1. From the list A:E175, A:E137, pick out the single residue that is surrounded by 24 or more Cβ atoms within 10 Å (Cβ to Cβ), within 14 Å of another protein chain (Cβ to nearest Cβ) and touching a helix residue (DSSP H, G or I) at 6+ places or on another chain (Cβ under 8 Å).
2. So, in segment A:436-483, how many residues would count as being acidic (D, E) and part of a loop (DSSP other than H, G, I, E, B)?
3. Can you find a residue in segment A:287-309 that is within 16 Å of ligand 1 (Cβ to nearest atom), surrounded by 24 or more Cβ atoms within 10 Å (Cβ to Cβ) and outside any loop (DSSP other than H, G, I, E, B)?
4. With touching a helix residue (DSSP H, G or I) at 6+ places or on another chain (Cβ under 7 Å) and within 14 Å of another protein chain (Cβ to nearest Cβ) as the only criterion, which of A:D499, A:D547 stands out?
5. Within segment A:140-172, restricting attention to residues that are facing another protein chain (nearest Cβ under 9 Å) and under 30 Å from A:R634 (Cα atoms), which residue is surrounded by the most Cβ atoms within 10 Å (Cβ to Cβ)?
6. Which pairs turn up if I take residues in segment B:59-74 that are without any contact (Cβ under 8 Å) to a residue 12 or more places away in the chain and look for partners that are near ligand 2 (Cβ under 6 Å from one of its atoms) and among the polar types (S, T, N, Q) with beta carbon separation below 8 Å, at least 6 apart in sequence or on another chain?
7. Give the number of residues within segment A:192-204 that are within 11 Å of ligand 1 (Cβ to nearest atom), touching a helix residue (DSSP H, G or I) at 6+ places or on another chain (Cβ under 6 Å) and over 28 Å from B:A18 (Cβ atoms).
Amino acid sequence: MHLDAKLPAGPLDAKWARHRAALRLVSPANKRKYHVIVVGSGLAGASAAASLAELGYQVSCFCFQDSPRRAHSIAAQGGINAAKNYQNDGDSAERLFTDTIKGGDFRSREANVYRLSEVSVNIIDQCVAQGVPFAREYGGMLANRSFGGAQVSRTFYARGQTGQQLLIGAYQALERQIGLGAVKMYERHEMLDLVVVDGKARGIVVRDLITGEMSSHAGDAVVLGTGGYGNVFYLSTNAKGSNVTAAFRAYKRGAGFANPCFTQIHPTCIPVSGDYQSKLTLMSESLRNDGRVWVPLKQGDTRAPGDIPEAERDYYLERKYPSYGNLAPRDISSRAAKEACDDGRGVGPGGRGVYLDFAAAIARLGEDTIRERYGNLFDMYAQITGENPYKVPMRIYPAVHYTMGGLWVDYNLMSNLPGLHVIGEANFSDHGANRLGASALMQGLADGYFVLPYTIGDYLASNKLAPVDTSHDAFRVAEAEAKAATDRFLAINGTRTVDSFHRELGQLMWEKCGMARDRAGLEEALRRIPELRAEFWSNLKVLGTSDSLNQSLEKAGRVADYMEFAELMCRDALEREESCGGHFRTEYQTADGEALRDDAHFAHVAVWGYEGPDAPPTRHREELEFEFIKLATRSYK
Amino acid sequence: MSDMKLTLKVWRQAGPSAPGAFKSYPASANEHMSFLEMLDVVNEDLQEQGEEPIAFDHDCREGICGSCSLVINGSPHGPKGGVTTCQLHMRSFKNGDEIVIEPWRAKSFPVLRDLVVDRSPLDRIIAAGGFISVPTGAPPDGNAIPVAKEDSDRAMDAAACIGCGACVAACPNASAMLFTSAKVVHLSLMPQGQPERNRRVLAMVNAMDEEGFGGCTNYGECQAACPKEISVENIALMNREFLRATLHDRDGAPRVAGTM
Ligand SMILES: Cc1cc2nc3c(=O)[nH]c(=O)nc-3n(C[C@H](O)[C@H](O)[C@H](O)COP(=O)(O)OP(=O)(O)OC[C@H]3O[C@@H](n4cnc5c(N)ncnc54)[C@H](O)[C@@H]3O)c2cc1C
Ligand code: FES
């Protein structure tokens, strides 16, 4: 596998400007001759599709929901970072860069992260111009809040619905292009394969989820903005439909998969209540601005929280990380919660919970201020738990939330497969081993509005692309394979439902490849996953037909991919013999239980290449070089 | 944790042109389950018995994507105000209840299967004008134009719409006025939305009519059904916007001094 990250040389703050100036352009008149396929209509996909169409490219955009506005990005709550320094608290692109590299535990590329920090400011301007109703101060200026892993206030927000408002902004821009005929939108279509012709990505195969019809779409470049794979764990904060299918099938066609084991477990989610549980609900990290995390000092203390006096509480984040306190980064906060619960000091059913307490903030600021800041989150909490968080502390526990791993891309956001571009959560690019809060929205929109529209032009202008249409053999073959795979699910006729398999896989992954991992557990998972997969293929029960809306059939395809992908994740976790960010190997920790990185052997991106169904995948590396920031042990103490 | 036994009467329809009918199913639940989790359990049972599961739209399951769309005992999103179906919990029901579950019913939202309907007309209303025409590029600094907090808060109240279509399903006229007005009002309150204010409302209202949605005769059912409690005041504001735009539109100059 050839991995050339194409990182520009030169001073950090000049890299992107110089690179951009050197990119080749497609003339305005020629743009309409190119057809770009964008899969995904989340922040990344919608912003890219709209921006490319505005430039004059012909664009087709696909999503599996019934409307592009329903992409998973809609659920982001807390906010989006930008180094505007509106608060005059010393923020800058350099500082955001440093925070992000350090937050990612030194496993991301300097050049990418600096670019992200630089363009972050443009995103806010663009969104304001679109009419996004960001929170404002009385003087009419934009308001900010703080998020984990930062000591400045750089997070912009729209109540607790920031993702919704940003996505609606991008969706409106996309709908405008749809109305103008510049984007053809395919809702309720699921990508089932990537089509590669002469070594270049030239199209996709999709299934119409209403009629079941398979169809092929050819283009000059393919862009995947298909989101993350947190649902490999079954329970996560992701939307139910979020999947790895598009990315995984691209991997099977030759795209490298980078750092699949880097998953983020978010510290503040509503704990599991029973085995019917279908998903987990995030309580935004922004709550940690005003909420204090604690558990009882004593083990097995079953008193009601109000009956536990101050002196018998352990505000463990404030105790262990005094300079960041409740705003310690996610990986650290999650692990600390797990430790407290493992120590028998957890609260709520099964002892799997910690308190997030607003009493002090309510006493200081008044209930109205807290309601204004977090009202919808408090309502959501009350809905789900039947408890009133204005009166009793919330109970929270970590849950799978985000995946830093993804398809490998170079500085131009192109995978090792020419023509295949990957943006947003689906790529691996900017967050290293741990993502800071409010940085996913920033990255998705940076990719879609301000990076890809330039770099894709360079690809199109630099390559002579032979005309290809869907009558090409590669399309016929891929379409037939997709059809056969779909029919195969229906023919098994076993006894177990898709969900029951998905649950079992998820439980296994949570136990063996979740918040803490070790060699024995990962090896066990690597034995058990193939067994479960074999049972899946021999005992799955999917009813109905393939020529109609069949939600179990859709799920079967996604779970089949998770069954293979889970193995790749465990393999990656096993081979990475160090702890960094969200990847915590219990064998590699410091005396006081912090992650122990091994920069000498693992300061690289692990990129996995598919070698066919009967051979193990191969592990390649992209070495990470730190020219501008010194590798250091992360400390939030 | 109290267990309850329920009887569901669910609309089953094999496809857009197939006839549909209610079918009864027993269900059991506990108070901590969400309504959709209760249906998940029913679906697992159905499949085990060899019957195809009930199809329904859902994705985020936290009340923000606008996918879920069930009429429960005659009310879109069920009996509890201010929540979506996915946020409705079984503690709102009691042992022995019969629960009738139907899809959104509106001429503009044809049923695709069981409880799944086609809501694409809502997207087309947005495509007609529900945006600010600002291509990606280099707009002014985000703080260049101050926005009064009151305006941005009110805009946010309207922009909180999740596009689920419950307002249409609740309205005896199957009108999309609440949905359309929420977008018109959101954008008309922002300074950035001013240049296109007139053409926007005209285009969106026109698209709404073309999609076959009914008119508004002030039943107010839409607001009652809206999981985000979008106010019918938006409809009044949109009517004013529409009037204003119509007057402007006659020759491009404002006719009525002092309107807004
Ligand atoms: C509850 C929650 C809260 C969050 N809060 C924040 C926050 O406050 N700040 C922050 O920065 N980040 C937050 N995040 C993370 C952030 O929301 C996501 O990482 C980001 O929105 C992902 O955007 P995306 O465009 O890459 O993908 P998505 O929004 O997931 O979009 C994926 C798109 O791809 C389509 N798709 C996927 N597979 C296929 C297929 N096979 N065929 C066709 N289409 C397909 C989908 O239909 C969808 O349109 C949060 C995440 C969660 C879960
Ligand atoms: S499933 Fe998203 S709003 Fe109900």
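1. Working: A:E137 fails: surrounded by 24 or more Cβ atoms within 10 Å (Cβ to Cβ).
Only one candidate passes the filter, namely A:E175.
2. If we filter segment A:436-483 for residues that are acidic (D, E), which is where we start, we get A:447, A:458, A:469, A:473, A:479, A:481.
If we keep only those that are part of a loop (DSSP other than H, G, I, E, B) too, we end up with A:469.
Final tally of qualifying residues: 1.
3. For segment A:287-309, residues within 16 Å of ligand 1 (Cβ to nearest atom), surrounded by 24 or more Cβ atoms within 10 Å (Cβ to Cβ) and outside any loop (DSSP other than H, G, I, E, B): present.
4. On the way: A:D547 fails: touching a helix residue (DSSP H, G or I) at 6+ places or on another chain (Cβ under 7 Å).
The conditions single out A:D499.
5. If we filter segment A:140-172 for residues that are facing another protein chain (nearest Cβ under 9 Å), which is where we start, we get A:140-143, A:156, A:158-159, A:161, A:163-165, A:168-169, A:171-172.
Right, trim to under 30 Å from A:R634 (Cα atoms) and you get A:143, A:156, A:163.
Working: A:A143: 18, A:F156: 28, A:G163: 26.
Here the residue is A:F156.
6. B:D59/B:S67
7. Step one: list which residues in segment A:192-204 are within 11 Å of ligand 1 (Cβ to nearest atom), which gives A:192-194, A:204.
Going one step further and asking which of them are touching a helix residue (DSSP H, G or I) at 6+ places or on another chain (Cβ under 6 Å), we end up with A:192-194.
Next cut, over 28 Å from B:A18 (Cβ atoms) only: A:193-194.
Summing the residues that are within 11 Å of ligand 1 (Cβ to nearest atom), touching a helix residue (DSSP H, G or I) at 6+ places or on another chain (Cβ under 6 Å) and over 28 Å from B:A18 (Cβ atoms) in segment A:192-204 gives 2.
Table: residues versus (1) part of a loop (DSSP other than H, G, I, E, B); (2) under 12 Å from the mean Cα position of the chain (by Cα).
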{"position": "B:A169", "(1), (2)": "no, yes"}
{"position": "B:N173", "(1), (2)": "yes, no"}
{"position": "B:F179", "(1), (2)": "no, yes"}
{"position": "B:L187", "(1), (2)": "no, no"}
{"position": "B:Q192", "(1), (2)": "no, no"}
{"position": "B:N198", "(1), (2)": "no, no"}
{"position": "B:L202", "(1), (2)": "no, no"}
{"position": "B:N206", "(1), (2)": "no, no"}
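The values are calculated or read from the model by the stated rules, or taken from the named source; none is laboratory data. Since the structure is predicted, the reported quantities are computational estimates derived from the model, not experimental observations. Note: ideal-geometry Cβ built from the backbone for every residue, glycine included; neighbour counts use all protein chains shown.
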